[in-house]
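The values are calculated or read from the model by the stated rules, or taken from the named source; none is laboratory data. Keep in mind that this is a model prediction, so the values were computed, not measured. No Cβ is skipped: glycine too gets one built from the backbone with ideal geometry, and neighbour counts run over all protein chains shown. Only protein heavy atoms, including side chains, enter the accessible area calculation; ligands, DNA and RNA are left aside. Shrake-Rupley method; radii C 1.70, N 1.55, O 1.52, S 1.80 Å.
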Amino acid sequence: RLETFTALLVKIDRMVKQKEGASNKEGQKQAGYKQETLPEADAVEETDGVLIEEIQEHQHEHQHGHQHQADASEHCNASCRLPVLILTGYLGAGKTTLLNYILKEQSDKKLAVIENEIGEVSIDDSLVENKHQEAEELITLDNGCVCCTIRGDLVKALCAIAKKRDALDGVLIELTGMADPAPVVQTFFVHDEVRDAFYVDNVITLIDAKHCIERLDESKESPEAKGTASAQVAFASTVLLNKTDLVDPDQLKKVEQRLKGLNSTVQIIRCQQARVAIAKLFNVNAFHLARVLEEQYMDEDEFNQFYTPKMDHSVSNVGVRCTGALNMFKLQAFLSKYLEDEDQAKDFLRVKGVLEIKGSDSPLVLQCVQMLRNQGFGPTWPEGPRENRIIFIGRNMQPRREELTHGFLDCMAKPLRFAVGAKVQARMSEDHCENGHVVAHWDELHPYRIQLLDGSEVHARLDEDDYVLEGHGEWFGGKGE
């Protein structure tokens, strides 16, 4: 088994190079993925928003019976082994959203969850909603990427779960957006204790429909340095084409053609908010190792070296952790500086945060992908100290470390200048102020709610002279009030 899978990993290494980095010379092949090809126009059929592929199973099994027998042996005794669902996909594709959805929809199942994070600040464990109620066990591996540096930690976690497998129905593994799934899958074939306790049921790759072609183009131009996105598609048994509401039908077809060019046998399911019928994802026995080999034209006997995981080495991250509430409006202005500028936003592949906002008892959950910003308040904070955690993931993050760190910390809410009842001037425009007095602090997240002399009320979003000034006696009828 070890020799077979070693050969597999080398072949996947070569299919990255061929399939997205193939030479333009006609008929020439390179070591790596097979050439990226486009399916014929009538090879796919759209039905209810789902890309349906017609697979001639009988013919396939007749021609490749021995390979399928090998796959069947890997999935035998399923009653004794737990199914494993591996979630992969590039940064911002929707993996954590899918994980939350599965945990809610499968509430009658007892599922162990393993999350992998490689950033300076761990965020995803906080983004898994009601994790203690819906996940039977949640393990976070945040010392590195399980596909290359901490696979031993993954094995330890799986072995610990294996001892409890009689009380579980399955395992979900959410990989980091920079992970190549191939070495993770290898773990389930070459490690005896893991192989005896688990089998890979489905490898699901989340695809962001809006940014997919951009990511695949990067992989094609530089397969060694930026090959992650292609590797994630090539090794998938199911692709969820997510965020379809952000692109038009013609763009969707182009995306599907690119995906099929990398992996012609993968099932592609269109979705929004990563919502797909669970019956299509879990306990489906969808992953077949022999089919991966066959699809990528890999001959096991040709290779004698180990596979190198495909990591996007151009991506780095900056994380910040601190305590204290933030001013919501200063935070939004800070984010807009980077995410509303197209030239800068393209570097910010992912921004994630769980933040305390002054005036709210609930944490702000922030998730951004380039210029797209998704944010909202979650359930109330748990008991205990509240901590802000935010991470910026993308390209050229390290040169921005100081300005990102200081800019974020500058959003902290500071003691207010004016007490409730204090007479102030509310700036209504650049050259016009109106008199009033402070009636509340941090009302609807604003530092001040001010009642004007005519009885109407306004909010001041920042405690700065551009929004609110100290009142003077002459402004209140000249009586020094």
Subset of the stretch 428-455 [polar (S, T, N, Q) and either touching a His at 6+ places or on another chain (Cβ under 8 Å) or closer than 25 Å to residue 332 by Cβ (or both)]: 429, 451
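Going through 131, 163 one at a time, which residue ends up being open to solvent by 10 Å² or more (accessible area, probe 1.4 Å) and either at pLDDT 80 or above or more than 26 Å from residue 391 (Cα to Cα) (or both)?
When all the criteria are applied, what remains is 163.
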Test set (1) touching an Asp or Glu at 6+ places or on another chain (Cβ under 8 Å); (2) assigned to a helix (DSSP H, G or I); (3) open to solvent by less than 10 Å² (accessible area, probe 1.4 Å) - residue 330 fails condition number: (3)
Any hit, the stretch 97-104, residues being closer than 16 Å to residue 168 by Cβ, in a helix (DSSP H, G or I) and at pLDDT below 70: no
Within the stretch 168-272, strands (runs of 3 or more DSSP E) holding 2 or more residues that are touching a residue at least 60 places away in the same chain (Cβ under 8 Å), in contact with a Phe, Trp or Tyr (Cβ under 9 Å, 6 or more places away or on another chain) and crowded, with 22+ Cβ neighbours inside 10 Å: 170-174, 198-208
Matching option when the condition is at pLDDT 95 or above, touching a helix residue (DSSP H, G or I) at 6+ places or on another chain (Cβ under 8 Å) and among the aliphatic types (A, V, I, L, M), among 462, 452: 462
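Among the residues of the stretch 373-392, what is the count of those that are among the hydrophobic types (A, V, I, L, M, F, W, C) and in contact with a helix residue (DSSP H, G or I) (Cβ under 8 Å, 6 or more places away or on another chain)? Reasoning before the result, please.
First pass over the stretch 373-392, keeping only residues among the hydrophobic types (A, V, I, L, M, F, W, C): 377, 381, 390-392.
Keeping just the survivors that are in contact with a helix residue (DSSP H, G or I) (Cβ under 8 Å, 6 or more places away or on another chain) gives 390, 392.
The qualifying residues number 2.
Among the strands (runs of 3 or more DSSP E) confined wholly to the stretch 369-481, which include 3 or more residues that are open to solvent by less than 80 Å² (accessible area, probe 1.4 Å) and free of Cβ contacts under 8 Å to residues at least 24 places away in the same chain?
The qualifying strands (runs of 3 or more DSSP E) are 432-443.
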